[in-house]
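Structure first, commentary second.
Please treat every number below as a calculation from the coordinates, not as lab data. Only a predicted model underlies this, so the values are computations on that prediction, with no experimental measurement involved. Cβ sites come from the backbone with ideal geometry, for glycine too, and all protein chains shown count toward neighbours.
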Amino acid sequence: MTTKEFAGATMEVNEEGFLVDPQMWNKDIAVAIAKEEGIDELTEDHWKVIEFCRQSATDNGAAPTLRQITSGTGITTKELFKLYPKGPAKKVAKISGLGKPEGCV
Amino acid sequence: MGEENRKIAFICSKGNLDMAYPALVMGWAALGNGINVTIFFTFWGLDIINKARQDRLQLAPVANTSMKMSMMGLPTGNLGIPNLMGIVPGMTAFTSWFMKKKIEEVGAPPVDEYIQMLVDGGAQLFACKMTVDMMGLSMDNFVEGVQDIVTAGDFMDMTEGAQIVFI
C-alpha cells in the first residue's frame, strides 16, 4: 500500500490514488485532491456533489453513480461534466475520499 | 491518467431493444472515466436516434435462444419461450415490456433519456449517410444532439486512433 501527502496529512491510497479509508477524509484533503485533478477551486456546487456522495456512501456503503448524483442533487448532467470535466465518475469519487462507483449508470 | 487521451467509437447497427443498450452503457461509462466517445448509427441502429422509433424499440422472443422462461421467475430451468408461442400476437410487445421492466429495475434509464445523458456528457453522435439515403431520412427525423449525417469515410477520419466497438 502506498501513502501520499494531502494537506499536510499522510494518507494511505490505492494504486489509482483513491483514499483507502474514507473516514480519514476531510475538506482540506478534498481541496488538495481536487487541485491534483485539475480543479483549482471547489465552488458551492462542487461541494453539493461531494456532500451528496459522502452521505450516499454512508447510507449505501458505496460511492454513487453519476445518474444517482444528478437525480439526488438536481445538478444536471451537463453541469456535472462542467464541474468535474474529463471523467466525473472517478474524479468525484476520488475527491470525496470514496472508492470507485459500484454501478454502471 | 492514460485515459485522458483515450478515444472510443461505437458502431450501432442493430435496432432491437437489447442491442441498443450495450453502446449506451459502455459509452456512458467511458464518459465517466474521461474517455472521448463517438457513436455512429447505421442500418437498424438508426432507430436508436430516430424520434419516431426511439421509444418503440422491441425485443422479439422468436429465434432468441437466450430468452428463458426462468427470467420471469418461473421454475422452468433452461426451457426457452417456445418459438411457436413467440408468433402469438402480442408476444413481442410482452417480451419488450418485460425487458424494459428489467432494465428499469437496475436503475438504467429508457433509451431516449440515456441518449440525452450521453449528449450532455459530451458524446458525439452521427448518422450513417448511406442508410439515411436508403431509408429516405433526414436530420429532421433524428433526436436533438445528433451532430451530422456522415459517410463511412468521414467516420474513419474522425475515429483515427480510437478503439472501435461494433454492435
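Values as computed for the structure displayed
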item	result
Partner chain coverage, peptide A:56-66 - average Cβ within 10 angstrom	1
Candidate lysines for bridging to A:Lys82, where Cα separation is under 29 Å - those fewer than 8 sequence places away on the same chain excluded	A:Lys4, A:Lys27, A:Lys35, A:Lys48, A:Lys90, A:Lys91, A:Lys94, A:Lys100, B:Lys7, B:Lys51
Taking chain A and dividing mean pair separation by its residue count, relative contact order in percent (alpha carbons under 8 Å, at least six apart)	29
Beta bridges by DSSP in segment B:2-166, antiparallel share as percent, to the nearest 5	10
Positive-pole candidate from B:Gly15, A:Ala62, B:Ser70, dipole of the protein assembly as shown, charges at beta carbon	B:Ser70
Charge sum, other residues only, whose C-beta stays under 12 Å from B:Trp28's C-beta, Lys/Arg counted +1 and Asp/Glu -1	-1
Expected 222 nm ellipticity per residue - DSSP helices of 4 or more, -39500 (n - 2.57), all of chain A, to 500	-14000 deg cm²/dmol
Test item: Cα-centred dipole of chain A, Lys/Arg +1 and Asp/Glu -1 on Cβ, debye	360
Estimated distance in nm for a label pair at B:Thr76 and B:Asp133, the labels positioned 7 Å out from Cα along Cα-to-Cβ	4.6
Separation of alpha-carbon centers, segment B:117-166 and segment A:1-60, rounded to whole Å	38
Tail weight of P(r) past 22 Å, computed on alpha-carbon pairs of segment B:2-166, percent	47
Per-residue ³J(HN,Hα) for segment A:42-55, Karplus 6.51 cos²θ - 1.76 cosθ + 1.60, θ = phi - 60°, Hz, x for Gly and Pro	8, 7, 4, 5, 4, 5, 4, 5, 4, 5, 4, 5, 4, 5
Dimensions (Å) - the protein assembly as shown, Cα atoms, principal axes, largest first	68, 50, 33
Furthest towards positive pole of dipole, B:Val119, B:Pro109, B:Asn33, structure part chain B, Cβ charges	B:Pro109
Per-residue ³J(HN,Hα) for segment A:22-30, Karplus 6.51 cos²θ - 1.76 cosθ + 1.60, θ = phi - 60°, Hz, x for Gly and Pro	x, 5, 7, 6, 8, 5, 5, 5, 4
Within 10 Å of each Cβ in A:82-91, the average number of Cβ atoms from other chains	5
Ranked packing of A:55-67, B:38-50, B:113-125, B:150-162, most packed first, by mean Cβ within 10 Å	B:38-50, B:113-125, A:55-67, B:150-162
Using θ = phi - 60° and Karplus 6.51 cos²θ - 1.76 cosθ + 1.60, couplings along segment A:83-98 (whole Hz; Gly, Pro as x)	5, 10, x, 6, x, x, 4, 6, 4, 4, 5, 5, 5, 7, x, 10
Relative contact order %, chain B, counting alpha carbon pairs below 8 Å whose residues are six or more apart	32
Candidate aspartates and glutamates for bridging to B:Lys102, where Cα separation is under 15 Å - those fewer than 8 sequence places away on the same chain excluded	B:Asp18
Peptide B:31-41, shielding by other chains (average Cβ, 10 Å cutoff)	4
